[in-house]
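For reference, the structure is listed below as structure tokens.
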Amino acid sequence: MEKVTKKEDEILNIFWDNGPMFVKEILELFPEPKPHFNTISTMVRSLEAKGYVSHKVYGTTYQYFATVQRSDFGRRTLKNIIKEYFGNSYKNAVSALVDDGELSTDEIKELLEQVEKQD
């Protein structure tokens with residue numbers, strides 16, 4: 001699947017948090033100054049073209065919904081980040097987190113236990 005823009009990601013999160021919605025309902029959730037209706041509609045259609053969203057027809061309007069779960073999207077995004085920025089090395093990605101102090105010793109121990117259970 002194609003990458004999403006930051007705004008498209010924002011819209012996906014709206015679907016994951018609220019379920020199926022009409023463009024008008026999505027627009028209502030944006031803070032002021034609100035984007036134009038057509039802008040939101042275009043982004044939703046772009047997400048649909050990328051395979052992340054689908055719709056149901058209600059008369060002359062569409063109700064859109066996410067076709068991917070947040071957890072699946074997160075895993076796929078993480079894989080892409082590791083591929084692009086860490087030479088496709090999970091070890092390099094985890095090392096970066098350790099070097100930056102993002103992972104504590106206890107968290108590393110928990111991860112090791114998790115790996116050992118899988119063996």
Take the conditions assigned to a strand (DSSP E or B) and of a type in the set (G, A, S) and apply them to S54. Does it pass? yes
Looking at the range 83-94, can you tell me whether even one residue there is under 21 Å from the mean Cα position of the chain (by Cα) and more than 26 Å from M1 (Cα to Cα)? no
Look at the range 9-53 and say how many of its residues are within 23 Å of L78 (Cα to Cα) and of a type in the set (G, A, S). 3
Given (1) over 30 Å from Y90 (Cα atoms); (2) surrounded by 14 or more Cβ atoms within 10 Å (Cβ to Cβ), index of the condition K24 fails: (2)
Filter result for K79 (modelled with pLDDT under 95, within 24 Å of K3 (Cβ to Cβ), out of contact with any Phe, Trp or Tyr (no Cβ under 8 Å at 6 or more places or on another chain) and of a type in the set (K, R)): yes
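The values are calculated or read from the model by the stated rules, or taken from the named source; none is laboratory data. A quick note: this is a predicted structure, and the numbers were derived from the prediction, not measured. Reconstructed Cβ throughout: ideal geometry from the backbone, glycine too, with neighbour counts over all protein chains shown.
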